[in-house]
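Encoded as structure tokens, the structure appears first; notes follow it.
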Amino acid sequence: MADNIVITAAGIVSALGIGYEANLQALRDLRHGLQHPQFLRTIHNDLLIGEVRLSDDALAESLSISLAREPYTRTSLLAITAMKELVQDIDLETLREENVAFINANTVGGMCSVEDMYMEFISDHYDGDFVKYIDTLDCAASTQDVIHYFKIRPFTATLSTACSSSSNAMIVGARMIAQGLVDKAICGGCDAMSRYTVNGFLSLKNVDKQHCKPFDQNRNGLNLGEGAAFVMLEKETAAKARGANILAHFSGYNNSNDAYHPTAPSPDGSGALRAMTQALAKARLQPQDINYINAHGTATLNNDTAEGKAIQQLFGGGVPFSSTKPFTGHTLAAAGAVEALFSMMALRENMILPNLNFETPMEELNITPVRDLITDRRLNHVISNSFGFGGNNVSLIFSKA
Amino acid sequence: MNPVYIISACAISPQNSFESEDFLLEIRSTDTGKLFVQEPDYRPFINPVAIRRMSRLIKMGIGCGMKALQDAGVQTPDAIITGTGLGSMTDTEKFLKDMILLKEEALNPTFFIQSTYNSVNGWISVQTKSTGYSQTYVNRGFSMEMALMDARLFLNEAATPQYVLAGGFDELTEEYHLVKSKVGYWKEELQQSRELLQHNDTAGTIGGEGAAFFVLSNREDNALCQLRGSGMLQNPTAGKVASAILQLLQTYDVDAKAIDLVICGNDGDVRFEHLYTEWGTLLKDDTPFVTFKHLTGEYPTASGFAIWLATRLFSSPKTREQFLHQKGEDTTPRHILIVNHYLLNTVSVTLLSKK
């Protein structure tokens, strides 16, 4: 790319913990963050989910937010928590002055709160605590809450493409910078656990009640998770000029479409293959330049077949791959950004993350995911996949700073 | 940025806008405070098997998008970029209420899938075999504007002729109307919707809905007009709107006095009227102002209707006659400015020019 885009700050909250170090340590220790629901009020309390281990009140308290006064949903609390981690790396004042975009992504807005109050929403009562949550349902509510909390006034956008949402936020941010619309873009996504989402995926019959097993012959569906993650993108020249610490290069990306089915991926993996191939072309890299593939790997029957075939076709057996969703659950709109951070950690720490729970190779594939943490080699380029409903396929490539 | 052209424009609205050039010969008005679209026959545009399970908004989005492609003579767009403030409210409401009432058991996945904001993109890509870029903005009053901005970015990146399908869509439901009445969205005293803007001394507006899709290209051939750009403002003062207009015009080197026509998104809500007051003096004294929310009602992607209307005002003398009530001498506008606000205090300004 003519303009090298780099990542100069990052923030994350997931079931593995709050912040870069906590998440990195959990990955290193092979410690997953799944448990039975502690905070989500659901009848499906036998599910394993990747909840962030703080209640709404605890999250609010750590942010000095009074939930009695302000209607922050869990979605917004997670987004603000991740952003707070990110802004530790930067001077918030410069963010207030500069030409900055905040590109957020989200799948169900403040549904986590709305679903508790909806019968009041549609009752004949016009007064009550519920009223202040009425405008929190849409995806842009968390975007507005973040800029309100940090008292910043960036250009804002919110997008929603299901499970590839925050990967798309990063692509949009990079493109806006490349074309000179903004100097910096803070991009990522957030999603809180909601009964709406849990029951949606249960109705699709692709949730595993046990630990999910990506790329395993006996995989039986996904585990859901929640979280938020953001990265700050800017041009390499600008980052160097201000002496910023460059965490990684955002060296290539692609968003393309399956055009196969509204929810299922093309079974031959042609959509996944297209996204990875075109991302490599954008980064001017060959498949053999990639040292690790952070797969979408939801552990659903369809995804892993399609993605596995695409990885096999493009990389043969030559490049180690894994899904990190057994650590965090599938964090939906946040997944792309969460896994972008994991990919960045892999690059910086020279470690290849293992695919937990893998036992039995898939019949359709002659490749298998990485089982153990690998720390004995240098990583230069990592590719990270996110594939969403609607055939929305995204591959991102990160390179060593 | 390189010039971007609108090749085709299609709107589904409460008025007769889908097929007809004579769309305002008969104005549809209501005294219920809710303007629902006139639904066209979708069968020529949507897979006949799939259509039976589709909800209203999904059909509205796909039908409108497919018609825009047909009008442009484009079979497979290079990108599909949409914006929606609400997505399919019907599906969201159904899945949510079922989940609560059935106590999380025996739920229908169709509602869940269709409540996903990018499901219209997914369907159009399947129907057109479009394997290109696909994006969906869910950004309140800027959803449409962001889709168009992304389309301009996409076309600016392209080295070869490309066609982008870009559009916005939102639906009104009885339940949504009830819920938003609790946060003061709507007027309490109902009048005929056609007289909405004569009642701009009270808070609130009327509910509306619609879809608008455009085929945009970096090629000029058969273009209706040029899409210059949009400015987007969060919680602006009236003065900020004026300076955003000047900045937009300056970017595209258009003199404020050269604006021939302005389309305004006033929705009768007294709380937002001031946003339309401070910049009129920048323009020529006799610049015609056109309003439209008495025809569409208020919804997050209403600016899509305004852009559709602009394309008609550029190209159709008959529409100008209906809209501007100018009989006789017809002058084709060269530059049209759109100023639109949405309820949660966002304002967008958009410039279109004759190619």
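Spatially, segment A:102-153 and segment B:124-153 are offset by 24 Å when compared through their Cα centroids.
Please report the relative contact order for segment B:1-129, taking Cα pairs under 8 Å with a sequence separation of at least 6, and give it as a percent rounded to a whole number. Kindly include the intermediate steps, with their values, before the conclusion.
Details: 117 pairs, mean separation 31.0, N = 129.
So the answer I get is 24 percent.
Taking Cα centroids, how far is segment A:337-401 from segment A:160-200 in Å? A separation of 19 Å, based on Cα centres.
Quickly rank A:107-113, B:35-41, B:168-174 as a protection proxy: mean count of other C-beta atoms within 10 Å, highest first. Kindly include the intermediate steps, with their values, before the conclusion.
Working: A:107-113: 27.7, B:35-41: 18.3, B:168-174: 25.6.
Peptide ranking by packing, descending: A:107-113, B:168-174, B:35-41.
For the protein assembly as shown, the share of DSSP beta bridges that are antiparallel, to the nearest 5, is 65%. When DSSP beta bridges are limited to those with both residues in segment B:218-355, what percentage is antiparallel, rounded to the nearest 5? The answer is about 70 percent antiparallel. Partner shielding of A:195-207 amounts to 5, given as the average count of beta-carbon atoms from other chains within 10 Å of each residue beta-carbon. Largest GNM mean-square fluctuation across A:74, A:41, A:274, computed for chain A with C-alpha springs under 10 Å, falls on A:41.
If I take R0 = 22 Å and measure r between the Cβ atoms of residue A:68 and residue B:100 in this structure, what FRET efficiency does the formula 1/(1 + (r/R0)^6) give, to the nearest 0.05?
Details: r = 25 Å, r/R0 = 1.12.
Computed FRET efficiency for residue A:68 and residue B:100: 0.35.
Report for chain A the percent antiparallel among DSSP-assigned beta bridges with both residues inside it, nearest 5. Write down the numbers at each step before the final one.
Details: 39 of 56 bridges.
Within chain A, antiparallel bridges account for around 70 percent of the total.
Note on chain B: with a GNM built from Cα contacts shorter than 10 Å, the maximum mean-square fluctuation among B:304, B:229, B:207 falls on B:229.
Placing unit charges on the Cβ atoms of the charged side chains and taking the dipole of the protein assembly as shown about its Cα centre, the candidate lying farthest along the positive direction among A:299, B:119, B:295 is A:299. If R0 equals 35 Å, the separation of the Cβ atoms of residue B:331 and residue B:156 corresponds to a calculated FRET efficiency of about 0.65.
Would you mind working out the magnitude of the charge dipole of the protein assembly as shown relative to its Cα centre, with +1 at each Lys and Arg C-beta and -1 at each Asp and Glu C-beta, to the nearest 20 Debye?
Numbers: 63 positive and 84 negative charges, 305 e Å.
Charge dipole, the protein assembly as shown, about its Cα centre: 1460 debye, nearest 20.
Simple point charges give the picture: +1 on the Cβ of Lys and Arg, -1 on the Cβ of Asp and Glu, and for chain B a dipole about the Cα centre of about 580 debye. Mind telling me which of B:182, B:59, B:34 comes out most flexible in a GNM of chain B, alpha-carbon contacts under 10 Å? For chain B, modelled as a Gaussian network with Cα springs under 10 Å, the answer is B:182.
I need to check one value: relative contact order of chain A, counting alpha carbon pairs closer than 8 Å and at least 6 residues apart, in percent. Don't skip to the answer; put the middle values down first.
Details: 1032 pairs, mean separation 92.5, N = 401.
Relative contact order here is 23 percent.
Between the residues B:353, A:248, A:11, the greatest Cα displacement towards the positive end of the dipole of the protein assembly as shown, with unit charges on the Cβ of Lys, Arg, Asp and Glu, is found for A:248.
Could you tell me the convex hull volume per residue, in Å³, taken over the Cα atoms of the protein assembly as shown?
Details: hull volume 107.2 nm³, N = 756.
For the protein assembly as shown, the hull spanned by Cα atoms encloses 142 Å³ per residue.
In terms of surrounding Cβ atoms within a 10 Å radius of their Cβ, B:117, A:149, A:72, B:163 rank from fewest to most as A:149, B:163, A:72, B:117. If one puts a single equal scatterer on every Cα of segment B:1-118 and applies the Debye formula without solvent, what log₁₀ I(q)/I(0) results at q = 0.10, 0.14 Å⁻¹? Treating every Cα as an identical point scatterer, log10 I(q)/I(0) equals -0.41, -0.76. Net charge in the neighbourhood of residue A:240 (other residues with Cβ under 15 Å of its Cβ; Lys, Arg +1, Asp, Glu -1) is -1.
Can you tell me the equivalent ellipsoid semi-axes for segment B:239-295? Use √(5λ) from the Cα gyration tensor, largest first, whole Å.
Values: eigenvalues 84, 37, 19 Å².
Those come to 20, 14, 10 Å.
For chain A, adding -39500 (n - 2.57) for each run of n ≥ 4 DSSP H residues and dividing by the number of residues yields -10000 deg cm²/dmol at 222 nm.
Averaging Cα coordinates gives a centre for segment A:262-282 and one for segment A:5-56; these two points are 28 Å apart. Think of chain B as a dipole: +1 on every Lys or Arg Cβ, -1 on every Asp or Glu Cβ, centred on the Cα centre; then among B:309, B:244, B:86, B:86 lies furthest on the positive end. Across peptide B:109-116, the average count of Cβ atoms from other chains found within 10 Å of a residue's Cβ is 6.
Measuring nothing but alpha carbons in chain B and taking Rh as the Kirkwood radius, the Rg to Rh ratio lands at 0.95. Model label sites at residue A:119 and residue A:97, defined 7 Å from Cα along the beta-carbon direction, differ in position by 5.5 nm.
One quarter of the convex hull surface, Cα atoms only: what value does that give for segment A:160-279 in nm²? Don't skip to the answer; put the middle values down first.
On the way: hull surface 39.0 nm².
Result: a mean projected hull area of 9.7 nm².
Would you please put B:241-252, B:64-75 in order of how densely packed they are, using the mean number of other Cβ atoms within 10 angstrom per residue and starting with the highest? If you can, show how the numbers build up before the last one.
Details: B:241-252: 17.2, B:64-75: 21.3.
Descending mean neighbour count gives B:64-75, B:241-252.
How big is the charge dipole of chain A about its Cα centre, in debye rounded to the nearest 20, if each Lys and Arg gets +1 on its Cβ and each Asp and Glu gets -1 on its Cβ? Show your work: numbers first, answer last.
On the way: 31 positive and 43 negative charges, 218 e Å.
Using only the charged Cβ atoms, the result is roughly 1040 debye.
Look at A:65, B:263, A:383 and count the other Cβ atoms within 10 Å of each Cβ; fewest to most, that gives A:65, B:263, A:383.
Take each residue in A:154-167, count the other chain C-beta atoms within 10 Å of its C-beta, and the mean is 6.
Read the figures in this text as sums done on the coordinates, not as results from a lab. Treat the numbers as computed from the prediction; the structure is a model and nothing was measured. For neighbour counting, all protein chains shown are included, and Cβ atoms are generated from backbone atoms with ideal geometry for every residue, glycine included.
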